[in-house]
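Comments concern the structure below.
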Amino acid sequence: MLPFRTEIRNSPTQQTIKVFLSDESLDNNVKHYLESFNEIELIEIRKSVERNRVSENITIFRKDGVDINSLQTRINEGLNRYFSSK
């Protein structure tokens, strides 16, 4: 099983990126790591309401003018490095 997966979501006000971790005990550590990314405006740990999913997710809000697809790629690359060093 992969340690994480990301999804772009459309909310009524803006697009967000959700990060689902296989090990939810790492949510705060990963949130801390992602806070160093300049393109990110806000990061929240939220309860998931979807079925057949982990109970929590990390929701990422991008800064104005940041391309959502580029940010998702950067997050995926960063998390791959993060988990490969563990």
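The values are calculated or read from the model by the stated rules, or taken from the named source; none is laboratory data. Computed from a prediction, not measured in an experiment: that's the story for all the values here. Cβ sites come from the backbone with ideal geometry, for glycine too, and all protein chains shown count toward neighbours.
Worth pointing out:
- Matching residues in segment 38-81 - criterion: being charged (D, E, K, R) and closer than 15 Å to residue 27 by Cβ: 44, 46, 47, 53, 56
Residue-by-condition table, conditions (1) more than 9 Å from the chain's Cα centre (by Cα); (2) of a type in the set (Gly, Ala, Ser); (3) part of a strand (DSSP E or B):
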| position | (1), (2), (3) |
| --- | --- |
| 6 | no, no, yes |
| 19 | no, no, yes |
| 27 | yes, no, no |
| 31 | no, no, no |
| 37 | yes, no, no |
| 64 | yes, no, no |
| 77 | yes, no, no |
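- Top-ranked residue of segment 39-54 - restricted to ones that are in a loop (DSSP other than H, G, I, E, B) and within 14 Å of the chain's Cα centre (by Cα), ranked as modelled with the lowest pLDDT: 54
- Selection count, segment 27-66, where residues are polar (S, T, N, Q) and under 16 Å from residue 5 (Cβ atoms): 5
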